[in-house]
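What follows is a single structure, written as structure tokens, with notes after it.
The values are calculated or read from the model by the stated rules, or taken from the named source; none is laboratory data. The shown structure was predicted, so the numbers you read here are calculated from the model rather than taken from an experiment. Using ideal geometry, Cβ is built from the backbone for each residue, glycine included, and neighbour counts are taken over all protein chains shown.
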Amino acid sequence: MTFETFEFKPFIQKALKEIGFNQPTEVQQRLIPLIQKNKSVVGQSQTGTGKTHTFLLPLMDRIDPEKNEVQVVITAPSRELATQIYQAAKQIADYSEPIIRVTNFVGGTDKKRQIERLKHQQPHIVVGTPGRILDLLNEQVLQIHTAQAFVVDEADMTLDMGFLAEVDQIASRLPEKLQILVFSATIPEKLRPFLKKYMENPIIEEIKPKAVISETIDNWLISTKGRKSEQQIYQ
């Protein structure tokens, strides 16, 4: 399978060639067709499986750049993760004409400047940490009632870091008819009420990581405390 199988718009195909993406990963093969059919999905997969482009590509393919409105909202639990998603989206958006506007809203950045920009123009894709996105919603400058899709990336980490309440508040301000995509390495019990509240009969897909080390190899941990670092132990 190649990315051409998904029949993305020409600007996405061009971006993928420039980036050097030729073959979709397993998570992309399994989930992109579901996302293209507007299904709400819970994708259980580890970091490094290609999940960022799993949701970015089909959602960006659907963006109408002529509209001055938010069409996709994406949350990540940390500035670093949000920035990675933003950069991946920007890399593709730059090939679009008219340009698809992607904005990264995270803590530690100039909120006043963001507020002024939002008063004049809304981004097509909102990426950010839950706290900063919620701040801008409370300031009544970020308008997300027009969004068609909501992505919660690293949901288990979002829960662990105590940001699920903010994500809940963001979700409550989104339209009822909404495609919701949740990606998580694990599905903790405390996450299930959130999923049940906002997702009606989602498709749950678990992509198991391929073993890097053969299952026939035993792993041993040998303490070297008190030994010199250059000493080697041979058994």
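Structure summary
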read-out: Residues that are assigned to a loop (DSSP other than H, G, I, E, B), surrounded by 17 or more Cβ atoms within 10 Å (Cβ to Cβ) and not hydrophobic (A, V, I, L, M, F, W, C), drawn from region 86-102; value: TYR95, SER96, ARG101
read-out: Condition check for GLN71: farther than 29 Å from ILE207 by Cβ and surrounded by 17 or more Cβ atoms within 10 Å (Cβ to Cβ); value: no
read-out: Qualifying positions in region 24-60 - at negative phi and among the small types (Gly, Ala, Ser); value: SER40, GLY43, SER45
read-out: Within region 169-189, considering residues that are within 16 Å of the chain's Cα centre (by Cα) and part of a helix (DSSP H, G or I), the one surrounded by the fewest Cβ atoms within 10 Å (Cβ to Cβ); value: ALA171
read-out: Tabulated pairs, region 43-69, first touching a residue at least 12 places away in the same chain (Cβ under 8 Å), second among the acidic types (Asp, Glu) and surrounded by fewer than 21 Cβ atoms within 10 Å (Cβ to Cβ), C-beta under 6 angstrom, 6+ apart or interchain; value: GLY43/GLU205; GLN44/GLU206
read-out: Scan of region 18-46 for residues that are part of a helix (DSSP H, G or I) and of a type in the set (A, V, I, L, M), ordered by number; value: ILE19, VAL27, LEU31, ILE32, LEU34, ILE35
read-out: Any chance GLN44 is touching a strand residue (DSSP E or B) at 6+ places or on another chain (Cβ under 7 Å), closer than 21 Å to ILE180 by Cβ and of a type in the set (S, T, N, Q); value: yes
read-out: One residue from THR83, THR52 being under 21 Å from LYS9 (Cα atoms), part of a helix (DSSP H, G or I) and either at pLDDT 95 or above or in contact with a helix residue (DSSP H, G or I) (Cβ under 9 Å, 6 or more places away or on another chain) (or both); value: THR52
read-out: When residues of region 4-17 are limited to those that are out of contact with any helix residue (DSSP H, G or I) (no Cβ under 7 Å at 6 or more places or on another chain) and farther than 22 Å from THR49 by Cβ, the one surrounded by the most Cβ atoms within 10 Å (Cβ to Cβ); value: PHE11
read-out: Condition broken by LEU134, with the remaining ones in (1) buried (at least 18 other Cβ atoms within 10 Å of the Cβ); (2) touching an Asp or Glu at 6+ places or on another chain (Cβ under 8 Å); (3) under 24 Å from GLN46 (Cβ atoms) satisfied; value: (3)
read-out: Members of region 193-203 found to be touching a residue at least 60 places away in the same chain (Cβ under 8 Å), surrounded by 13 or more Cβ atoms within 10 Å (Cβ to Cβ) and within 19 Å of LYS37 (Cα to Cα), listed by number; value: MET199, PRO202, ILE203
read-out: Cβ-Cβ under 7 Å pairs, at least 6 apart or on other chains, region 125-139 side closer than 14 Å to LEU81 by Cα, far side basic (Lys, Arg) and part of a helix (DSSP H, G or I); value: THR129/ARG79
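Residue-wise test of (1) buried (at least 22 other Cβ atoms within 10 Å of the Cβ); (2) of a type in the set (Asp, Glu); (3) over 22 Å from ASP64 (Cα atoms); (4) modelled with pLDDT under 95.
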| position | (1), (2), (3), (4) |
| --- | --- |
| ASN104 | yes, no, no, no |
| ASP110 | no, yes, yes, yes |
| GLN143 | no, no, no, no |
| THR146 | no, no, no, no |
